[in-house]
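Notes for the one structure printed next.
The values are calculated or read from the model by the stated rules, or taken from the named source; none is laboratory data. What you see is a predicted model; the values in this text were computed from it and never measured. Quick reminder, even Gly has a Cβ in these numbers, built from the backbone with ideal geometry, and neighbours come from all protein chains shown. Note: areas computed on protein heavy atoms with side chains; ligands, DNA, RNA excluded. Shrake-Rupley method; radii C 1.70, N 1.55, O 1.52, S 1.80 Å.
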Amino acid sequence: MHFVIKAFLAGFWLILVPTASGALFLRRKTTFSLEESFLAGYVFLFATAELLTVPLLFLDAPLHILVISYGVVTVLAAIAGLLRMKKQGFSKWFPAPGRLKSTSVFFWAALLLIAFQVFVVVRYAHLDADDALYVAASTTAVQEDSIFHINAYTGLPYLTLPRRYIFSPFPMFLAVISQLCGGLHAAITAHTVFPAVFIPASYVAMYQLGRKWLPKEKDAQGIFLFLCAVLCWFSAYSEYNAGNFQMVRIWQGKAILAAFMVPVILYFSLTIVMEERPEYSWLLYAMVNLGTCLLSSVGIIFAPIMMGIFVLMGAIRFKSLRRAAAGLACCLPSVILGISYILILVLRGRGIL
């Protein structure tokens, strides 16, 4: 019974909260879907975690302060999102029965394959060597009630902050979620809960891309999603592609970056930058950049490059300097964190920090 309660809490924090809070950022939309709200919600959650964790890390605050802060902010956002759904009418957010009947058989086949993938990954969890740091840093943070204060390798306090992780503290996100799930062990959260959430989340992002590219072709959308699932399933020809990262280590920040956040960046770039009338707000696009920084230090570099390419193409296509300025402003989180990282290296080199 105790584990059932924790499973319910996991569903609340990782499915209900992002789906509800994402509704706040769909103000420009006239039609709504839970898939869009789910993606926007995770962009908000990752950005919030980054915005709260980095300052508290430098302030040497205990982990429980971060847990409380994150919990309060996200719950308030979820409540506000539910109120907005109610104002718009809940019926607009859920598919009509007729729409379900017209769903392509290929879509249902893709769902079955995805469900089987989730079962395999959860039931036969891969034990990755990188967990010696990523998961251990989370369990250490919970045990010591600290944020990157104790070295997970040695059990001793860090003499200096770990420069690779201070601006991309995804292990602390794992620690926070594990605590919000009733104290569920961080290793169980990583290997059992996160795959059950982030593997389907990756396919939600891919499905939205399919709907964007093939707006009136239900069968083509289903085939696209099915092929995405097949390609991910047979991606073990290399250790370094997005499909393999998704299937064997989706609980790590760099894997979520490759499997989930890259399609999300692509989707919002197409719907914001490359549309004459953006379907979402530029604020959401800035949060995409900030949220990507949480996942991996690679994300701090990769996000502005990918977004910058779309901003350049959008500015050329619509001949708009204003659009270029807005897009570049959305990349400022990565720029600020990158400059801060360089300053820390310089200060440490001079023995100041």
The percentage of the accessible area of the chain (probe 1.4 Å, all protein chains present) made up of carbon and sulfur atoms, to the nearest whole number, is 70 percent
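Given an 8 Å cut-off on Cα distances and at least 6 residues of separation, report the relative contact order of region 116-241 as a percent.
Taking the mean separation of contacting Cα pairs over the length of region 116-241, I get 24 percent.
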Sequence-separation-based contact order of the chain, relative, with Cα cut under 8 Å and 6+ spacing, percent: 20 percent
Counting only heavy atoms of protein chains, what accessible area per residue, in Å², does region 272-331 have with a probe of 1.4 Å? 47 Å²
Which whole-Hz ³J(HN,Hα) couplings does region 45-50 yield from phi under the Karplus relation 6.51 cos²θ - 1.76 cosθ + 1.60, θ = phi - 60°, glycine and proline marked x? 5, 5, 5, 5, 4, 5
Please quote Rg/Rh for the chain to two decimal places, taking the Kirkwood radius as Rh and restricting both calculations to Cα atoms. 0.96
Given the rule -39500 (n - 2.57) for each run of at least 4 DSSP H residues, summed and divided by the residues of the chain, what is its mean residue ellipticity at 222 nm, to the nearest 500 deg cm²/dmol? -21000 deg cm²/dmol
Let me know the charge dipole size of the chain about its Cα centre in debye, to the nearest 20, where only the beta-carbon of Lys, Arg (+1) and Asp, Glu (-1) is charged. 1200 debye
Among the lysines in the chain, how many pairs, 8 or more places apart or on different chains, have alpha carbons under 25 Å apart? 16
So for each of 324-336, 3-15 I average, over its residues, the number of other beta carbons within 10 Å; can you give me the resulting order with the highest mean first? 324-336, 3-15
